[in-house]
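Asker: Below is a structure I'd like to ask you about.
The values are calculated or read from the model by the stated rules, or taken from the named source; none is laboratory data. Just so it is clear, the structure is predicted and the values come from calculations on it, not from any experiment. Positions of Cβ are generated from backbone atoms using ideal geometry, with glycine treated the same way; all protein chains shown enter the neighbour counts. In case anyone asks, the SASA skips ligands and DNA or RNA and just uses the protein heavy atoms, side chains included. Shrake-Rupley method; radii C 1.70, N 1.55, O 1.52, S 1.80 Å.
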Amino acid sequence: MSEVVTYQREGAIGVITVNYPPVNALSHAVRSGLLDALKQGQADAEAKALLLVCEGRTFIAGADIREFGKPMQEPGLPTVVEAYENSDKPIIAAIHGTALGGGLEMALGCHYRVALESAKVGLPEVKLGLLPGAGGTQRLPRLAGAQKSLEMITTGDFISASDALQAGIVDAVEASSDAKAAGEQFALKVIDEGKPARRVRELTDRIEADKGSDVFEQFRTGLQKKARGLFSPFKCVDAVEAAFQLPFEEGMKRERELFMECMESPQRAGLVHAFFAEREVSKVPGLPKDTPVRDIKSVGIIGAGTMGGGIAMNFANVGIPVRLLEVKQEALDKGLAIIRRNYENTAKKGRITQAQVEERMALIQPTLAYEDFGDVDLVIEAVFENMGIKKEIFGTLDKVCKQGAILASNTSTLDIDEIASATNRPEDVVGMHFFSPANVMKLLENVRGTKTADDVKATVMDIAKRIKKVGVLVGNCYGFVGNRMLHQRGAEAIKLVNEGATPQQVDKVLTDLGFPMGQFAMSDLAGIDVGYRIREERRNAGENIPPSWMDKLAEQGRLGQKTQAGTYLYEEGSRKPIPDPKVDALIEEFRKEQGIEPREITDQEILERCMYVMINEGAKILEEGIADRALDVDIVWIYGYGFPAYRGGPMFWADQVGVKEIYETVKRFHDTLGGDQWKPAPLLERLAKEGKTFGSL
Ligand code: T1G
């Protein structure tokens with residue numbers, strides 16, 4: 001008798017119940033249990049119809065992703081779905097929560113589907129580098145047609161129960177909270193009306209209607225841009241198209257072939273790693289799950305500039321009141337105007353209503369007085385990257401804010417301990433590093449100081465979830481995790497241009513790897529003056545930062561997009577980078593001044609120098625404990641810098657490239673190029689020599 005799937009007859013209805021927390025995923029035990037329960041239902045002469053329901057928070061949310069990459073144990077899901085479809089007794093699926101992937105495919109194998117109004121359905125396999133592999137690409141089109149099926153399967157987006165009803169995917173929607181009762185009610189109607197076991201695979205209308213349609217080519221063309229570099233979305237189109245070209249059985253075979261191609265792709269491995277890593281980062285090693293969190297009911301933000309304004313929006317979006325402080329009324333007015341413009345733009349796109357714009361603006365209260373921060377629970381400082389200014393502000397906050405208020409800095413590189421030293425409450429001080437644009441980028445890099453209290457760490461990690469960010473807790477060092485690695489990549493990219501590469505060649509190597517922007521396009525977006533000021537600060541602190549052609553751009557006022565000229569040119573209102581011959585001339589002149597004879601540089605050298613210097617830095621970050629796990633580094637880069645999720649993040653990608661290959665190349669660069677950044681990290685050397693991976697840590 002299965003522990004996770006039970007059969008029990010209630011009147012004339014045989015109820016099959018799945019109970020496999022947390023999301024009733026289709027593990028081997030569940031698949032076997034479903035077959036056993038079906039056999040019981042079919043043998044039960046009293047049962048005139050069968051009902052498939054789930055306990056807990058949701059209907060089946062898909063195949064058990066934890067089983068991917070391991071040998072598949074029979075029965076496979078297609079076999080289970082087919083057995084349900086072949087039943088002579090009508091089977092009704094009652095959906096609550098989210099019926100996703102294999103869960104929706106199970107429901108499509110049933111003869112009728114009832115959904116609660118609050119339920120959602122979807123085929124999100126494409127987000128894992130896959131495609132529906134248990135008949136979804138063949139059955140969904142038989143109910144919903146080509147366009148809707150292609151939309152759902154190539155985006156992986158969930159749709160509401162009412163949308164599913166309209167599309168013909170479910171047969172009824174109930175405004176109830178009890179899926180089993182709704183299902184039983186529908187099942188009794190099926191019995192009373194003598195409805196047959198209507199097999200989706202036998203439906204032909206939608207197939208006939210869309211046969212020969214050019215919608216498949218339209219989707220392939222659209223995906224060229226939307227799914228740049230991805231593998232499985234194109235296979236999704238091929239699989240759905242097969243439903244309109246082949247008889248059902250052959251279509252199922254075609255789906256299986258395409259599914260296996262996706263299952264074996266490195267992109268599936270990367271995306272599944274990213275899926276679990278995003279959930280693991282919120283489980284901080286050494287921070288007990290039951291660590292109390294402080295009650296954050298109101299927030300004070302210092303600085304109404306790009307960052308401060310964006311940060312304020314995150315809290316207003318979820319109904320948390322914000323006090324926004326600036327030193328001058330003009331700066332405050334400007335900041336509020338930008339926030340309002342951002343909300344108005346979102347409303348124009350129909351994503352929020354005008355009423356929500358006003359509600360959110362009302363939650364952001366401007367002030368010029370620190371005294372107004374006396375009762376806030378959390379303060380986030382978002383001013384200039386200047387230690388002196390920050391310490392002065394924290395000294396004031398220490399005097400003004402109530403006991404127990406958390407004092408956070410949005411600094412992107414500076415020492416949290418030094419900032420905390422300006423207060424008498426270092427245990428309440430923490431870094432909360434948002435990424436620009438702060439109301440869009442999902443990463444929140446939370447930085448623990450030496451004395452930061454555990455409940456403060458737990459609170460900022462909880463805040464990340466509340467404001468719909470992905471929080472990662474990291475240690476305190478220059479640049480923390482993300483920027484520390486980015487600075488190494490940036491320095492190497494600048495040197496590559498010094499030596500003979502063009503900025504656009506370097507950027508193309510990075511965009512070909514899957515980054516949304518290259519190094520120099522990104523610094524044009526952030527502002528070349530940001531990097532320039534950081535380099536100057538580090539030179540003033542005595543570090544040996546060689547002069548660079550980028551400094552000349554800053555000194556000429558070419559600061560990037562905001563001045564319509566940086567490494568690239570930008571037309572009015574456009575973000576499209578245009579190579580500028582004046583910059584080529586500036587670089588050439590810089591090389592002459594420095595006595596550098598330019599040379600041909602291959603894309604491979606650019607890739608290795610930009611990426612392996614990051615991996616080497618990542619290894620140092622891990623051995624110093626600045627990041628607890630390789631997956632923390634991966635998530636920082638996926639959500640903070642657009643590292644392609646289908647490559648799993650830098651450390652996962654390094655494992656796929658091969659730690660040994662990377663170590664040997666880093667060693668060679670240390671011998672030929674010199675510099676501490678190329679000194680192989682002991683951890684990298686150890687893993688290479690032991691034949692291990694970052695994922696094995
Ligand atoms: N398999 C295994 N574990 C899963 C899982 C799954 N499919 N989905 C979620 N979990 C775990 C998750 O790791 C976490 O674990 C806990 O459940 C709560 O998840 C043949 C091949 C369902 C919308 O892609 O979208 O079917 O951290 O934190 O925010 O065609 O989970 O607690 O230990 O995300 O409320 C298709 C993926 C699979 C759905 C719930 N299905 N899951 O969100 O909770 S491929 C999916 C989700 C497939 C077939 C193919 C979400 C959710 P822990 P959570 P949530």
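Asker: Which residue out of 282, 298 is within 16 Å of the ligand (Cβ to nearest atom) and surrounded by fewer than 21 Cβ atoms within 10 Å (Cβ to Cβ)? Lay out the reasoning, then the answer.
Answerer: On the way: 298 fails: within 16 Å of the ligand (Cβ to nearest atom).
Only one candidate passes the filter, namely 282.
Asker: Going by what's in this entry, would residue 625 be described as crowded, with 21+ Cβ neighbours inside 10 Å and over 21 Å from residue 229 (Cα atoms)?
Answerer: Considered against the rule, which asks whether it is crowded, with 21+ Cβ neighbours inside 10 Å and over 21 Å from residue 229 (Cα atoms), residue 625 comes out as no.
Asker: Against the conditions (1) in contact (Cβ under 8 Å) with a residue 12 or more places away in the chain; (2) out of contact with any helix residue (DSSP H, G or I) (no Cβ under 9 Å at 6 or more places or on another chain); (3) surrounded by fewer than 22 Cβ atoms within 10 Å (Cβ to Cβ), where does residue 355 fall short? Just the number, please.
Answerer: (1)
Asker: Working only within the stretch 115-129, note down all residues that are in a helix (DSSP H, G or I) and either out of contact with any Ser or Thr (no Cβ under 7 Å at 6 or more places or on another chain) or within 24 Å of residue 83 (Cβ to Cβ) (or both).
Answerer: 124, 125, 127, 128
Asker: Okay, next question. Just to be sure I understand, how many residues within the stretch 94-114 are within 15 Å of the ligand (Cβ to nearest atom) and assigned to a strand (DSSP E or B)? Full working, then the answer.
Answerer: Step one: list which residues in the stretch 94-114 are within 15 Å of the ligand (Cβ to nearest atom), which gives 95-109.
Subsequent filtering for residues that are assigned to a strand (DSSP E or B) retains 95, 98-100.
Result for the stretch 94-114: 4.
Asker: Would you please name the residue that is nearest to residue 277 (Cα to Cα), looking only at residues in the stretch 122-151 that are of a type in the set (A, V, I, L, M, F, W, C) and within 12 Å of the ligand (Cβ to nearest atom)?
Answerer: Filtering the stretch 122-151 for residues that are of a type in the set (A, V, I, L, M, F, W, C) and within 12 Å of the ligand (Cβ to nearest atom), the one nearest to residue 277 (Cα to Cα) comes out as 128.
Asker: Can you report the number of residues in the stretch 152-173 which are part of a helix (DSSP H, G or I), in contact (Cβ under 8 Å) with a residue 40 or more places away in the chain and either under 22 Å from the mean Cα position of the chain (by Cα) or within 16 Å of the ligand (Cβ to nearest atom) (or both)?
Answerer: 4
Asker: Oh, and also: Does at least one position in the stretch 287-294 carry a residue that is without any contact (Cβ under 8 Å) to a residue 60 or more places away in the chain and under 30 Å from residue 132 (Cα atoms)?
Answerer: No, every residue in the stretch 287-294 fails to be without any contact (Cβ under 8 Å) to a residue 60 or more places away in the chain and under 30 Å from residue 132 (Cα atoms).
Asker: Now for a separate question. Which of the residues spanning the stretch 374-425 are open to solvent by 50 Å² or more (accessible area, probe 1.4 Å) and among the hydrophobic types (A, V, I, L, M, F, W, C)?
Answerer: 384, 389, listed by residue number.
Asker: Do you know which residues across the stretch 1-57 are open to solvent by less than 10 Å² (accessible area, probe 1.4 Å) and within 15 Å of the ligand (Cβ to nearest atom)?
Answerer: Step one: of the stretch 1-57, the residues open to solvent by less than 10 Å² (accessible area, probe 1.4 Å) are 5, 13-16, 18, 24, 26-27, 30, 33-34, 37-38, 41, 47, 49-53.
Within the stretch 1-57, 18, 24, 26, 27, 30, 34 qualify.
Asker: Which of the residues that make up the stretch 57-107 are in contact with a Gly (Cβ under 9 Å, 6 or more places away or on another chain) and of a type in the set (Ser, Thr, Tyr)?
Answerer: Within the stretch 57-107, 58, 84, 87, 98 qualify.
Asker: May I ask you to list pairs of residues, at least six apart or on different chains, whose Cβ atoms are under 6 Å apart, with the first in the stretch 621-633 being in contact (Cβ under 8 Å) with a residue 40 or more places away in the chain and more than 16 Å from residue 477 (Cα to Cα) and the second being open to solvent by 20 Å² or more (accessible area, probe 1.4 Å) and of a type outside the set (Gly, Ala, Ser)?
Answerer: 630/697; 631/280
Asker: Same structure again: Please go through the stretch 80-122 and give me each residue that is in contact with an Asp or Glu (Cβ under 7 Å, 6 or more places away or on another chain) and not hydrophobic (A, V, I, L, M, F, W, C), ordered by number.
Answerer: 101, 109, 112, 113, 117, 122
Asker: Across the stretch 439-449, what is the total count of residues that are buried (at least 24 other Cβ atoms within 10 Å of the Cβ) and part of a loop (DSSP other than H, G, I, E, B)?
Answerer: 1
Asker: Yes or no: the stretch 450-457 includes at least one residue that is within 26 Å of residue 290 (Cβ to Cβ), of a type in the set (A, V, I, L, M, F, W, C) and surrounded by fewer than 23 Cβ atoms within 10 Å (Cβ to Cβ).
Answerer: yes
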